[in-house]
1. What does the net charge come to around N64 if you take all other residues with beta carbon closer than 12 Å to its beta carbon, with K and R at +1 and D and E at -1?
2. Once Lys and Arg get +1 and Asp and Glu get -1 on their Cβ, which of A67, G79, A52 lies farthest toward the positive end of the dipole of the range 28-89?
3. I want to check the label-to-label distance for A84 and K72. Put each point 7 Å from Cα in the C-beta direction and report it in nm to one decimal.
4. Report the Stokes-Einstein translational diffusion coefficient (µm² s⁻¹, integer) for the range 28-89, Rh taken as the Kirkwood radius over Cα pairs, at 25 °C with viscosity 0.890 mPa s.
5. Amide H neighbours of C66 under 5 Å, at least 5 residues apart or on other chains, H built in the peptide plane: list them.
6. Taking the simple approach of a point 7 Å from Cα along Cα-to-Cβ for both A98 and A39, what is their distance in nm?
Amino acid sequence: MTQRREFIVQVALGSTALLASQVQAAGPMLAETDAQAGALGYKADATKVDKAKFPKYAAGQLCNNCALYQGKASDAAGGCPLFAGKQVAGKGWCSAWAKKA
């Protein structure tokens, strides 16, 4: 009987964690006018990055190929730990971009 209770508790906790991660991942889109976004030079369209202001930017650097991006590479948007609770555009960019391993 104890194993059954433990199993039910584990399933309930796992389901709650899964639901919470799905709700967080489906947050609102990050606005370029957001203070954190502005500080990191976030652009929803990487082709519009100010290359004079952000010389580190190189063509091909996109949120969807950044190590911080929490979506699939094919997703139009996904989460980023730098912008908690908000989604970034897959084709976007910010100065924290780091090559995915």
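A short reminder: the numbers here are calculations on the coordinates, not readings from a lab. Note that this is a predicted model, so its numbers are computed, not measured. When we count neighbours, we look across all protein chains shown, and the Cβ atoms used for this are built from the backbone with ideal geometry, even at glycine.
1. +2
2. A52
3. Reported label-point gap for A84 and K72 is 2.8 nm.
4. In µm²/s, the coefficient rounds to 206.
5. none
6. In this crude spin-label approximation the distance works out to 1.7 nm.
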